[in-house]
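A.B. asks: Here you go, one structure.
Taken together, the values in this text are just the output of simple stated rules run on the coordinates, not laboratory data. If you're wondering where the values come from, they're calculated on a predicted model, not measured in any experiment. Backbone-built Cβ (ideal geometry, glycine too); neighbour counts: all protein chains shown.
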Amino acid sequence: KSAEKGGFEHFMLKEIYEQPKAVADTIHPRIKDGKIVIEELGLSDEDIRKISRIQMVACGSAYHVCAAAKYVLEKLSGIPVDIDLASEFRYRNPILSEHTLVVIVSQSGETADSLAALRESKKRGFPVLGIVNVVGSSIAREADSVFYTWAGPEISVATTKAYSTQLAAIYLIGILFGEVRECISREEADHYIQELLKLPEKIQRILDEKERIQWLANKFSHTKDVFFIGRGLDYAISMEGSLKLKEISYIHSEAYAAGELKHGTISLVENGVLVVGVATQQELFEKEISNLVEVKSRGASVLGLTSYGSYSMEDTADFTIYVPRTESCFATSLAVIPLQLLAYYISVARGLDVDKPRNLAKSVTVE
Ligand code: AGP
């Protein structure tokens, strides 16, 4: 078993370290002569221009990819995006308008609710695109078209590399749709592609600095309540950071849109609470900082997560983690890495079964 882990103590850490390669393997085959080509979508330029709405459906971390995708796809392609949890979508009699593209995101391709959402959409006559990791899985077989994420087998219950490759899939689709629909110019598309190609190396740079996260994890391993807050895409990352932490460390954690704090949650903030403030989105940075000032004044410890250059985070945060700069719509791919490592090392510090957390299965094939 230790040979399978390639010298790593757990599959989760091995898979965290496989992310630069997994993301590169997902991106590279879809770039030809400097342009994005995704033949497997089976969509002509004409088909892409006709799409009036994208309905994304998934569970768990794959749903968090959808949450990020709403921001990214709307920005890059100009197409309105609705997102839904598969367990809700399948029973709410969804109203799908003409020319809606349904996208189901799933690592395993076997999640019962996601598969049911796929069948429901097909029954109503809507084309379904699967973004799937496991080749030949049920969702891959039943979808009208499949975008495979080339993450390779993922063993750890807590997903890491599959999540990262799903995000890469969204970026590729966003740039492709955006250029075809003239929401972004050729030059802009080219700039995005160049930034995309730099992501694997930037992820590697974060991994090379893992000791600092390990140190922070040991410091906070006894914390009882953690809130992850962010705005825009940073809210989407917060959801994933929070899920990662709770599933393997059993620490109570929640993610909130930072602007929502005042509408209830802030009453829970007191001494001993840890607030992880994610702030990679430049245009929302000051707003996020003002939320962090509020929680700090109520006794919370603040761990800031931002990009190199945004050093004013240190005026407010007790501790700050920096990730390399990238296009703001790709920042999720970098900010998620320290959050995965934080969850991992906290779980290790607490002596828990990192790869097989209690009560959880790798894929939820029953309702
Ligand atoms: C993530 O760490 C979880 N283990 C879980 O939320 C997972 O993402 C969810 O069950 C969806 O699985 P799928 O991608 O295989 O459909």
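A.B. asks: Just report the Cα centroid separation between segment 6-70 and segment 319-350, whole Å.
C.D. replies: 19 Å
A.B. asks: Ok, one more. Restricting to DSSP H runs of at least four residues, report the calculated mean residue ellipticity at 222 nm for the chain, -39500 (n - 2.57) per run over all residues, nearest 500 deg cm²/dmol. Walk me through the intermediate numbers first.
C.D. replies: Details: 13 runs with 163 residues, N = 367.
Helix-only estimate at 222 nm: -14000 deg cm²/dmol.
A.B. asks: So how far apart, in nm, are the two label points at Lys75 and Lys122 if each is 7 Å from Cα heading toward Cβ?
C.D. replies: 3.4 nm
A.B. asks: Once you put a point 7 Å from the Cα of Glu142 and another 7 Å from the Cα of Ser221, both along the Cβ direction, what distance in nm separates them?
C.D. replies: 4.3 nm
A.B. asks: Show me, for segment 191-204, the HN-Hα J-couplings you get by feeding each phi into the Karplus relation (A = 6.51, B = -1.76, C = 1.60, θ = phi - 60°), rounded to Hz, glycine and proline as x.
C.D. replies: Result, rounded to whole Hz: 4, 4, 5, 4, 5, 4, 5, 8, 4, x, 5, 5, 4, 4.
A.B. asks: Report, in degrees rounded to the nearest 10, the 0 to 90 angle that the Cα long axis of helix 60-77 makes with the longest principal axis of the chain.
C.D. replies: 70 degrees
A.B. asks: Short version: what are the Cα gyration tensor semi-axes of the chain, square root of 5 times each eigenvalue, largest first, in whole Å?
C.D. replies: Details: eigenvalues 199, 104, 87 Å².
They are 32, 23, 21 Å, listed largest first.
A.B. asks: Let me ask you something else. Dipole of segment 136-207, Cα-centred, from +1 at each Lys and Arg C-beta and -1 at each Asp and Glu C-beta, to the nearest 20 debye?
C.D. replies: Details: 7 positive and 10 negative charges, 65 e Å.
Using only the charged Cβ atoms, the result is roughly 320 debye.
A.B. asks: With unit charges on the beta carbon (Lys/Arg positive, Asp/Glu negative), name the residue among Gly264, Gly232, Tyr192 whose Cα is farthest towards the positive pole of the charge dipole of segment 187-303.
C.D. replies: Positive-most Cα among the choices belongs to Gly264.
A.B. asks: I would also like to ask the following. Classify segment 1-97 as rounded, prolate or oblate, taking a ≥ b ≥ c as the square roots of the eigenvalues of its Cα gyration tensor: rounded when a/c is under 1.5, otherwise prolate if a/b is larger than b/c and oblate if not.
C.D. replies: oblate
A.B. asks: Right, next: Please work out whether segment 219-269 counts as rounded, prolate or oblate from its C-alpha gyration tensor, where a ≥ b ≥ c are the square roots of the eigenvalues and a/c under 1.5 means rounded, while otherwise a/b larger than b/c means prolate and anything else oblate? All intermediate terms of the calculation are to be shown ahead of the outcome.
C.D. replies: Details: a/c = 2.49, a/b = 1.34, b/c = 1.85.
Since a/c reaches 1.5 but b/c is at least a/b, the shape of segment 219-269 is classed as oblate.
A.B. asks: I would also like to ask the following. Give me the lysines in straight-line cross-link reach of Lys362: C-alpha distance below 19 Å, same-chain residues under 8 apart excluded.
C.D. replies: Leaving aside lysines fewer than 8 places away in the same chain, those within reach of Lys362 are Lys1, Lys5, Lys14, Lys161, Lys244, Lys246.
A.B. asks: Residue-wise, which Karplus ³J(HN,Hα) couplings in Hz belong to segment 144-158, taking 6.51 cos²θ - 1.76 cosθ + 1.60, θ = phi - 60°, and x for glycine or proline?
C.D. replies: Going residue by residue, I get 6, 8, 10, 9, 7, 8, 9, 7, x, x, 10, 9, 4, 4, 6 Hz, with x marking Gly and Pro.
A.B. asks: Could you sort the peptides 271-280, 156-165, 342-351, 70-79 by per-residue average Cβ neighbour count (10 Å cutoff), highest mean leading? Numbers along the way, then the final one.
C.D. replies: Details: 271-280: 23.3, 156-165: 27.4, 342-351: 21.7, 70-79: 20.1.
By packing density, highest mean first, the sequence is 156-165, 271-280, 342-351, 70-79.
A.B. asks: With unit charges on the beta carbons (Lys and Arg positive, Asp and Glu negative) and the dipole taken about the Cα centre of segment 9-150, which residue among Ile139, Ser121, Leu41 sits farthest to the positive side?
C.D. replies: Of the candidates, Ser121 comes out farthest on the positive side.
A.B. asks: Same structure again: Which order results if Lys296, Lys35 are arranged by neighbouring Cβ count within 10 Å, fewest first?
C.D. replies: Details: Lys296 17, Lys35 14.
Exposure proxy ranking, most exposed first: Lys35, Lys296.
A.B. asks: Would you mind getting me the FRET efficiency between Ser44 and Leu96? Use the beta-carbon distance for r and R0 = 22 Å, nearest 0.05. Display every interim value, and only then the final one.
C.D. replies: Details: r = 21 Å, r/R0 = 0.96.
After rounding, the FRET efficiency stands at 0.55.
A.B. asks: Taking the Cα-to-Cβ direction at Tyr250 and at Asn359 and moving 7 Å from each Cα, how far apart do the two end points lie in nm?
C.D. replies: 1.0 nm
A.B. asks: Shape call for segment 324-367 from the C-alpha gyration tensor, a ≥ b ≥ c root eigenvalues: rounded (a/c under 1.5), prolate (a/b greater than b/c) or oblate?
C.D. replies: Details: a/c = 5.53, a/b = 1.53, b/c = 3.61.
In terms of gyration-tensor shape, oblate.
A.B. asks: So how tilted is helix 112-123 from the main axis of the chain? Cα-based, degrees 0 to 90, rounded to 10.
C.D. replies: 30 degrees
A.B. asks: Related question: Quick one: what are the phi-derived ³J(HN,Hα) couplings along segment 250-266, Karplus 6.51/-1.76/1.60 with θ = phi - 60°, whole Hz, x for glycine and proline?
C.D. replies: 6, 8, 5, 9, 9, 10, 9, 5, 3, x, 8, 3, 5, 8, x, 4, 4
A.B. asks: Given 10 °C and 1.306 mPa s, how large is the Stokes-Einstein diffusion coefficient of segment 209-365 in µm²/s, with Rh as the Kirkwood radius over Cα pairs? Let's see the in-between values first.
C.D. replies: Details: Rh = 15.5 Å.
For the chosen part, D equals 103 µm²/s.
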